[in-house]
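To start, the structure itself, in structure tokens.
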Amino acid sequence: MRIKADTDVCIGAGMCVLTAPKVFDQSEEDGTVLLLEPEPSADQEAAVRRAVQVCPSGALSVS
Amino acid sequence: MTKAMPDPVTLPLARETPLDPPSALGRWRDEGPLRPMLYADGHVGWLVTRYDTVRAVLADPRFSTRVELLHPPIGERLRQAALRKRPGFFLREDPPEHTRFRRLLTGQFTVRRMKQLEPRIEKITSERLDEMEKAGSPADLVQLFALPIPSLVICELLGVPYADHHRFQRDSATLLNLGSSPQQVSQALDGLMDYLHDLVVRKRAEPDDALLSGLVASGQLTDEEITGVAVLLLIAGHETTANMLALGTYTLLNNPGQLAALRDDPSLAETAVEELLRYLTIVHLGPVRTALEDAEVEGYAIKAGQSVVLALSAANRDPERFDAPDKLDITRQATGHVSFGHGIHQCLGQQLARIEMRIGYPALLRRFPHLRLAIPSEEVSMRSDMAIYGVHRLPVAW
């Protein structure tokens, strides 16, 4: 799994950090998404899919 | 292909039971994702009741949040008062104007920043519980616990003196009261803006390390814009969590098994907070968006200029999304509810609200393990007359 995060679209709601804290973080500066693990380990995949689903701005996708 | 239209409905307000949305919303949701709705100014727009469709419209850039485009779902006075565009009210702006404000603020409300406030919120909560104990049983949970905690927190975060809380709590109550006249609304809003504008000017002369001074120092907003932002954050920062704390407590008191579960196992706080947010949906009358262009949604033709009400409470009870949605279950995974909205305007302060509640409910139940209502449940006065749902007063004993 590979995650794509679009920081231009991100609104910094923090739902991804709440859902998969090992994979996502937020920039100290503007609160937008930071990828800690762009290719998450298998045990994180379910949480990442949930994070993509709850993201309010559609900034996240996986391939 | 577009579908045949049922007759327009009006937005139902009367609840058959205090903790459930008006039953008509659920009936309509079962019949279809959206239907024509008659607005207070005679406009025929739309009402969306299904979870997937609510999320789709809130995330769709063809639908605007701009104040000058919207038709009022209820009460013509809302339109009159709201129609005035005010600087800094970015909740009612589309990108790129909205983005300019949101980007300046999101860094202040990250999950990590809010977590850093935990010790401070724990202290504030415990001091309020001391005050409650001192006042003695019975006491009003709204005045002594639910309202002061988020008010104190947002005041510290923004750099607003809490000593002025009577003033801003009174003005924001007038703003949110659906029965206020247009004059009362303008007066309250002007009063609040004058008060915060003076404060912003003072921050320029004597900065502190709180958020408003930070916005002043950023040099990216005018004092008028910062004042608008301050009004939004101050109102949103205390009214919403205050009502969740009080209404959530009322709900738990009416569900003693779940109250006992949370009291005896505080690790349930995370799921309990999400479930109470979902189940109660205190933003019970909106939000509203307006189509900027003709748009087909679920096979229905929405015309440019038509307003759309997104019934968050109906979406949060959608059986397609949540099993047994009308059942309160503080152990379920309710994340994904739309109580904070969805799309680019999703609540900026949601992580703060979560922490205030995750600390608040368990601390209250720990301090007063035998907490009970001091009046019969059906005599508790519900906020059906306010833009944010909740209880006006919650007399409790312990």
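The values are calculated or read from the model by the stated rules, or taken from the named source; none is laboratory data. Bear in mind the structure is a predicted one, so any value in this text is a computation, not a measurement. We place every Cβ from the backbone using ideal geometry, glycine too, and count neighbours over all the protein chains shown.
Looking across the range A:4-63 at every residue that is among the charged types (D, E, K, R) and in a helix (DSSP H, G or I), the one that is nearest to the other protein chains (Cβ to nearest Cβ) is identified as A:Arg50.
Inside the range B:347-363, residues that are within 9 Å of chain A (Cβ to nearest Cβ) and under 17 Å from B:Ala146 (Cβ atoms) make up a count of 1.
Can you tell me which residue within the range B:192-227, out of those that are surrounded by fewer than 19 Cβ atoms within 10 Å (Cβ to Cβ) and of a type in the set (Lys, Arg), is farthest from B:His166 (Cα to Cα)? The extreme case among them is B:Arg204. Considering every residue within the range B:284-299, establish whether at least one is more than 14 Å from chain A (Cβ to nearest Cβ), buried (at least 18 other Cβ atoms within 10 Å of the Cβ) and under 23 Å from A:Thr19 (Cα atoms). No, because not a single residue in the range B:284-299 is more than 14 Å from chain A (Cβ to nearest Cβ), buried (at least 18 other Cβ atoms within 10 Å of the Cβ) and under 23 Å from A:Thr19 (Cα atoms). Among the conditions (1) within 19 Å of B:Ala56 (Cα to Cα); (2) out of contact with any Lys or Arg (no Cβ under 8 Å at 6 or more places or on another chain), the only one that A:Glu29 does not satisfy is (1).
Across the range B:256-283, the qualifying residues are those that are more than 24 Å from B:Leu25 (Cα to Cα) and of a type in the set (S, T, N, Q), and the one among them that is surrounded by the most Cβ atoms within 10 Å (Cβ to Cβ) is B:Gln258. In the range B:27-47, the qualifying residues are those that are out of contact with any His (no Cβ under 8 Å at 6 or more places or on another chain) and of a type in the set (Gly, Ala, Ser), and the one that is farthest from B:Ala291 (Cα to Cα) is B:Gly32. The numbered conditions (1) surrounded by fewer than 20 Cβ atoms within 10 Å (Cβ to Cβ); (2) out of contact with any strand residue (DSSP E or B) (no Cβ under 6 Å at 6 or more places or on another chain) are all true for B:Pro138 except (2). Considering (1) outside any loop (DSSP other than H, G, I, E, B); (2) away from chain A (no Cβ under 14 Å), the lone condition that B:Ile344 does not fulfil carries the number (2). Taking the range B:30-74 only, how many residues are farther than 17 Å from B:Val338 by Cβ and part of a helix (DSSP H, G or I)? Residues meeting the conditions: 5.
Residues checked against (1) without any contact (Cβ under 8 Å) to a residue 24 or more places away in the chain; (2) more than 22 Å from B:Pro8 (Cβ to Cβ):
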position	(1), (2)
B:Asp265	yes, yes
B:Ala269	no, yes
B:Val273	no, yes
B:Val283	no, yes
B:Gly286	no, no
B:Arg289	no, no
B:Ile302	no, no
B:Gly305	no, no
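Kindly establish whether B:Arg366 is touching a residue at least 60 places away in the same chain (Cβ under 8 Å), away from chain A (no Cβ under 14 Å), in a helix (DSSP H, G or I) and surrounded by fewer than 18 Cβ atoms within 10 Å (Cβ to Cβ). Here the answer is yes, as B:Arg366 does meet what is asked. Candidates in the range B:300-311 are the residues that are over 19 Å from the mean Cα position of the chain (by Cα) and not in a loop (DSSP other than H, G, I, E, B); of these, the one that is surrounded by the fewest Cβ atoms within 10 Å (Cβ to Cβ) is B:Ala301. The condition (being within 30 Å of B:Pro22 (Cα to Cα), at pLDDT 90 or above and of a type in the set (Gly, Ala, Ser)) is satisfied by just one residue among B:Ala82, B:Ala56: B:Ala56. Scanning the range B:1-11 for residues that are in contact with a Pro (Cβ under 8 Å, 6 or more places away or on another chain) and surrounded by fewer than 18 Cβ atoms within 10 Å (Cβ to Cβ) yields a count of 5. You will find that of B:Thr49, B:Thr53, B:Thr125, the residue that is more than 14 Å from chain A (Cβ to nearest Cβ) and either within 26 Å of B:Leu365 (Cα to Cα) or without any contact (Cβ under 8 Å) to a residue 12 or more places away in the chain (or both) is B:Thr125 and no other.
Among residues belonging to the range B:320-341 that are small (Gly, Ala, Ser) and buried (at least 21 other Cβ atoms within 10 Å of the Cβ), point out the one that is nearest to the other protein chains (Cβ to nearest Cβ). It comes out as B:Gly341. The sole residue among B:Gly343, B:Gly390 that is among the small types (Gly, Ala, Ser) and more than 27 Å from B:Ala135 (Cα to Cα) is B:Gly343. Among what's in the range B:203-254 and is of a type in the set (Ser, Thr, Tyr) and farther than 30 Å from B:Ile330 by Cα, pick the residue that is nearest to the chain's Cα centre (by Cα). So the residue we want is B:Thr227.
Of the residues making up the range B:110-150, those that are at pLDDT below 95 and touching a helix residue (DSSP H, G or I) at 6+ places or on another chain (Cβ under 6 Å) number 2. Would you confirm, using the coordinates I've provided, whether B:Trp46 is aromatic (Phe, Trp, Tyr) and touching a Pro at 6+ places or on another chain (Cβ under 8 Å)? Against the criterion (aromatic (Phe, Trp, Tyr) and touching a Pro at 6+ places or on another chain (Cβ under 8 Å)), B:Trp46 qualifies.
The residue that is surrounded by the most Cβ atoms within 10 Å (Cβ to Cβ), among those in the range B:95-122 that are within 13 Å of another protein chain (Cβ to nearest Cβ) and part of a loop (DSSP other than H, G, I, E, B), is B:Thr110.
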